[in-house]
Amino acid sequence: MTPTRNRAALPNQAGIGLRHPHLPEFLAASQPVAWLEIHSENYLAPGGPRVAALERLRGDYPLSCHGVGLSLGSAEGLDRAHLARLRALYDRFEPELVSEHLAWSTAPDGTFLADLLPLPYTHETLQVVANNLDLAQEALGRRLLLENPATYLRFSEADWDEADFLAELVHRTGCGLLLDVNNLYVSARNHGTDPVAPLARLPLKAVGEIHIAGHARVVITGSELLIDDHGSAVAEPVWDLLAAALSRTGPKPVLVEWDTDIPTLPVLIAEAERANVYLREINHAMG
Amino acid sequence: MRWVELQTSLHQAMLAHSPDPALLALLAGPTGERERRLAVYRNNVRHALLNVLEAAFPVSRQLIGEACFTAVGLTFVAQHPPQRPVLYAYGGGFPGFLAAFQPLADLPWLADIARLEWARNEALFAPEAPLLTPTRLAAVPPEQLPGLSIWLHPSVRLLQSRWPIHAIWDAHQPNGGPLDAVDLKHAQSVLVWRLKNAVVQQPLSAGEFVLLTAFAAHRPLAEAAETAAGDDATFDLATALARFLNQEVLAISDQHNGNALGH
């Protein structure tokens with residue numbers, strides 16, 4: 001059985017990713033934000049102002065911890081030392097939610113590549129990720145939400161569709177789903193598929209959190225590619241896809257991610273406010 | 001191909017100059033498109049790691065220029081990628097890499113500036129420790145003072161250079177000193193530490209540097225002071241101690257339990 005010890009749920013409202021440039025404003029005054037998300041790996045240092053700031057803010061905001069380095073897709077299993085570091089962080093801050101990605105970032109020789117790299121969806125990798133998820137949930141003492149990735153390439157060998165692969169992982173490991181709507185859109189556009197179609201196949205009952213973010217559009221030698229750079233406002237088609245997702249999941253905590261070209265805090269909060277409008281509409285619609 | 005082999009091939013493609021044709025054959029989509037798609041990941045990986053170096057070594061970057069820093073940084077990244085998923089600790093090998101990098105040999109102080117910047121990075125993330133305050137030191141019985149060992153705060157880093165590294169660093173800050181006033185013949189020792197949650201640095205006199213180095217080696221106070229005075233005729237223990245106590249450079253160690261500084 002999956003251990004569950006998350007002390008409370010995140011509110012079904014919009015939250016924002018806590019970024020270093022905004023720490024002084026958060027420390028100076030309470031901000032109109034329902035909850036915060038951090039990248040776990042940014043808070044693993046033994047001391048210093050960032051950890052101290054999180055210590056202070058933790059009491060005032062519900063918290064989601066988003067891991068970017070566990071490498072659940074790694075064929076050689078997980079880094080036990082890294083699991084121990086994450087466990088210590090989560091035991092210290094007791095986040096309401098903990099999430100990771102369907103991706104890999106640590107190579108078989110231990111090199112960390114600092115990006116969320118893609119994996120083929122095969123019977124073999126399904127077993128790899130399921131084993132890694134079991135180990136991670138056990139070692140962290142928590143249920144994980146697994147995020148659907150933004151991908152730029154696919155592999156010739158594939159036994160599973162991505163949505164079915166995720167559904168099978170949820171079924172086998174008891175993990176939840178972090179539905180990243182921007183990733184859904186970016187991947188669909190990059191692979192020439194319909195972004196709405198996966199909503200019919202993804203395990204939406206397991207959704208514990210939704211991500212939205214901006215993406216970049218690059219055109220190289222005449223063909224367009226969307227890059228999940230979290231460096232701009234959420235694009236209109238992604239807002240539409242959010243509405244489509246919420247109509248199926250009901251209200252959920254929605255996170256606005258903005259990681260490069262980070263805007264001023266009021267801009268980020270305004271983006272979260274717009275997400276709250278969508279959440280209120282769903283609440284009304286569901287009565 | 002087993003996933004572990006494919007993963008290794010992808011890893012190599014992230015840091016190598018051009019991808020293995022055997023790998024491209026395993027990807028989906030039009031042939032020309034596959035290499036371009038793979039390059040998106042390669043670009044992400046290299047620039048994510050380069051960004052870590054840019055954040056940790058901003059003055060080194062100013063000294064050699066952005067384009068040169070990008071080139072040397074990407075070379076370092078390809079040859080010495082991180083071995084742990086903990087990026088605040090990535091880049092410690094960069095100063096040594098710069099020191100051995102022949103094309104930059106005409107900037108002999110560059111590697112020491114990078115060492116200073118890495119010391120600042122380490123100070124930012126170092127553990128907390130209870131401070132040794134003037135009151136607490138004053139409570140030590142006088143007869144125990146000579147044998148007392150004093151600890152440095154875990155954020156403290158001591159650097160010694162044959163170049164004026166503090167002055168060069170300071171001249172590259174937004175409100176720093178004038179660059180043309182920097183005397184390149186002036187060697188400098190620098191103290192880096194975290195004061196009230198911010199990283200700060202100050203140049204040290206020869207005696208102060210010797211004193212703090214002796215503290216770092218857990219030499220008893222009397223011995224540390226004697227060595228400092230032997231090296232620097234202008235050294236005054238009372239002045240130096242007052243400065244370091246008031247600036248939160250000194251700490252109480254767990255090992256002080258049971259001695260005169262114990263809780």
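The values are calculated or read from the model by the stated rules, or taken from the named source; none is laboratory data. Because the structure is a prediction, the values reported are computed rather than measured. Backbone-built Cβ (ideal geometry, glycine too); neighbour counts: all protein chains shown. The area values use the complete protein model at the heavy-atom level, side chains included, leaving out ligands, DNA and RNA. Shrake-Rupley method; radii C 1.70, N 1.55, O 1.52, S 1.80 Å.
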Practice prompt. Answer with yes or no whether B:Ala126 is open to solvent by less than 60 Å² (accessible area, probe 1.4 Å) and out of contact with any helix residue (DSSP H, G or I) (no Cβ under 9 Å at 6 or more places or on another chain).
Written response: yes
Discussion item. Condition (residue is without any contact (Cβ under 8 Å) to a residue 60 or more places away in the chain, on the phi < 0 side of the Ramachandran plot and more than 14 Å from every other protein chain (Cβ to nearest Cβ)) applied to region B:119-133: is it met by at least one residue?
Written reply: no
Worksheet item: Is there any pair with a first residue in region A:123-140 that is farther than 11 Å from A:Thr173 by Cα and a second that is at pLDDT below 95 whose Cβ atoms are under 7 Å apart and which are 6 or more apart or on different chains, and what are they?
Response: none
Worksheet item: Based on what the data block shows, is A:Ala233 open to solvent by 30 Å² or more (accessible area, probe 1.4 Å), under 25 Å from A:Tyr278 (Cα atoms), in contact (Cβ under 8 Å) with a residue 12 or more places away in the chain and part of a helix (DSSP H, G or I)?
Response: no
Worksheet item: Does A:Ala285 qualify as being open to solvent by 10 Å² or more (accessible area, probe 1.4 Å) and outside any helix (DSSP H, G or I)?
Response: no
Worksheet item: Out of region A:179-197, which residues are part of a loop (DSSP other than H, G, I, E, B), open to solvent by 40 Å² or more (accessible area, probe 1.4 Å) and more than 14 Å from chain B (Cβ to nearest Cβ)?
Response: A:Asp194, A:Val196
Item to complete: Select from region B:69-112 the residues that are aromatic (Phe, Trp, Tyr) and assigned to a helix (DSSP H, G or I) and write down the one among them that is farthest from B:Ala13 (Cα to Cα).
Response: B:Tyr88
Response to the item:
Those residues of region B:69-92 that are in contact with a Phe, Trp or Tyr (Cβ under 9 Å, 6 or more places away or on another chain), open to solvent by 10 Å² or more (accessible area, probe 1.4 Å) and either touching a residue at least 60 places away in the same chain (Cβ under 8 Å) or under 20 Å from A:Asp79 (Cβ atoms) (or both) come to a total of 9
Practice prompt. Look at region B:58-68 and say how many of its residues are open to solvent by less than 50 Å² (accessible area, probe 1.4 Å) and in a helix (DSSP H, G or I).
Written response: 5
Fill in: Failed condition for B:Ala55, given (1) part of a loop (DSSP other than H, G, I, E, B); (2) open to solvent by 50 Å² or more (accessible area, probe 1.4 Å)
(1)
Worksheet entry | Filtered residue count, region A:97-114, keeping only those that are surrounded by fewer than 21 Cβ atoms within 10 Å (Cβ to Cβ) and not hydroxyl-bearing (Ser, Thr, Tyr) | 3
Worksheet item: Filter region A:198-212 for residues that are open to solvent by less than 50 Å² (accessible area, probe 1.4 Å) and part of a helix (DSSP H, G or I); which is farthest from A:Ile16 (Cα to Cα)?
Response: A:Pro198
Worksheet item: Just to be sure, is A:Gln127 surrounded by fewer than 21 Cβ atoms within 10 Å (Cβ to Cβ) and under 17 Å from the mean Cα position of the chain (by Cα)?
Response: no
Worksheet item: So, in region A:130-152, of the ones that are among the aliphatic types (A, V, I, L, M), over 15 Å from the mean Cα position of the chain (by Cα) and open to solvent by 10 Å² or more (accessible area, probe 1.4 Å), which residue ends up farthest from B:Thr8 (Cα to Cα)?
Response: A:Ala139
Worksheet entry | Positions within region B:142-175 being over 27 Å from A:Ala45 (Cβ atoms) and among the charged types (D, E, K, R), in sequence order | B:Glu143, B:Arg162
Worksheet item: Looking at region B:24-35, is at least one residue of a type in the set (A, V, I, L, M), more than 7 Å from every other protein chain (Cβ to nearest Cβ) and touching an Asp or Glu at 6+ places or on another chain (Cβ under 7 Å)?
Response: yes
Worksheet item: On the given criteria, is B:Arg37 open to solvent by less than 40 Å² (accessible area, probe 1.4 Å), out of contact with any Ser or Thr (no Cβ under 6 Å at 6 or more places or on another chain) and within 23 Å of A:Thr125 (Cα to Cα)?
Response: yes
